[in-house]
Amino acid sequence: MALSTRHLLGIKDLAPSDISLLLDTAKQFKEVLNRPVKKVPSLRDITIVNLFYENSTRTRISFELAQKRLSADVINFSASGSSVSKGETLLDTVNNILSMKVDMVVMRHSASGAPHFLAKHIPAAIINAGDGINEHPTQALLDAYSMQEVFGGLKGLRVAIIGDIMHSRVAQSNIYLLSKMGAEIVVCGPPTLIPKYMEAAFPVRVEYNIDKALQWCDVANVLRIQLERQNQVLFSSLREYSLVYGINRERLDRLNRRITIMHPGPINRGVELDSDVADGDQSIILQQVENGVAVRMAALYLLSNPSS
Ligand code: CP
């Protein structure tokens, strides 16, 4: 089986069969990661550069770990400390790196569409590790993998995506993936953080009342308030956001059902999630991080073996 694409730029253009192949392959790699010897030779002689033009903890580390578990040679590039500060363009930077015989590029950039631009100009396979407010495909895949682990499948699953929908590449990739795989989706947050066109453009329902969204869902995927991407005041204060939309123990205890709590990280503790919820027994946040390695191994493996 092979993916229908040679890059992983987003979930939008993937077929459901691609998503299933990625999730099934991740399951095999998760078994490998639970063995005493966690390393396989699948990407021996493949060289991969991790190009991070924007900060990251989870994605950067788990891509590097995935590459090392697959025996690839790994180069890490951060824009800070590089010749980007001297004015070197993205394309010049990448072409210089590729001239050293690099086979694949993993890229995070604050500009939406940066990996799509690169894919038109370079021969190497590209994985988007998050581009601006556009997509974060491997996050959506690891979220889906984690939901599958808990619920056995995605079809008919009720997922509430809560918070800063407007600035969230995680929300967009999750919506594409979950809708392609037959889940039901509600987006919930303050009206100023949900685009007006949401229901017209995406197969989702908008719910502004968080208690109704939580009562409806099986899974609440809670997003970070992305203050760094907001160039205007979209709610009065973090304290007010927390009071109206923050998820705390009391709010969960009022539900007559048990739901699963997810968050892509990093968490603003006490804003979108209280610590006793983030660290509580309904949270699978650290399982999401663990699954990120297996999911990224699957993406790297399948994109390096187009005919496998
Ligand atoms: N979820 C996520 O992308 O986290 P990082 O920004 O730490 O990579």
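Miscellaneous remarks
- Compactness index (Cα Rg / 2.2 N^0.38 Å), the stretch 38-169: 1.17
- Among 219-226, 144-151, the order from most to least packed when residues are scored by Cβ within 10 Å on average: 219-226, 144-151
- At the residue level, D281 shows approximately 110 square angstrom of accessible surface with a 1.4 angstrom probe and all protein chains present.
- Of the peptides 171-179, 195-203, 93-101, the ranking by mean beta-carbon count within 10 Å, highest at the top, reads 171-179, 93-101, 195-203.
- Solvent-accessible surface of the stretch 159-308, taken per residue with a 1.4 Å probe and all protein chains present: 41 Å².
- Spin-label pair D276/N96, simplified geometry with 7 Å Cα→Cβ offset, distance in nm: 5.4
- Inter-label distance, I75 to Q28: 2.9 nm, where each label sits 7 Å from its Cα along the C-beta direction.
- Across the stretch 137-288, counting alpha-carbon atoms alone, Rg and Dmax equal 14.1, 41 Å.
- For M198 and K86, the FRET efficiency from 1/(1 + (r/R0)^6), where r spans their Cβ atoms and R0 equals 35 Å, is about 0.25.
- Accessible area of the chain belonging to carbon and sulfur atoms, whole % at 1.4 Å probe: 51
- Dividing the convex hull volume of the alpha carbon atoms of the chain by its residue count gives 136 Å³ per residue.
- Taken along the Cα-to-beta-carbon direction at a fixed 7 Å, the label points for M1 and N209 span 4.2 nm.
- Under 5 Å from the amide H of C217 lies no amide H of any residue 5 or more positions distant or on a separate chain, with H modelled from the backbone and absent for Pro and chain starts.
The values are calculated or read from the model by the stated rules, or taken from the named source; none is laboratory data. Computed from a predicted structure; not experimentally measured. Reconstructed Cβ throughout: ideal geometry from the backbone, glycine too, with neighbour counts over all protein chains shown. Note: areas computed on protein heavy atoms with side chains; ligands, DNA, RNA excluded. Shrake-Rupley method; radii C 1.70, N 1.55, O 1.52, S 1.80 Å.
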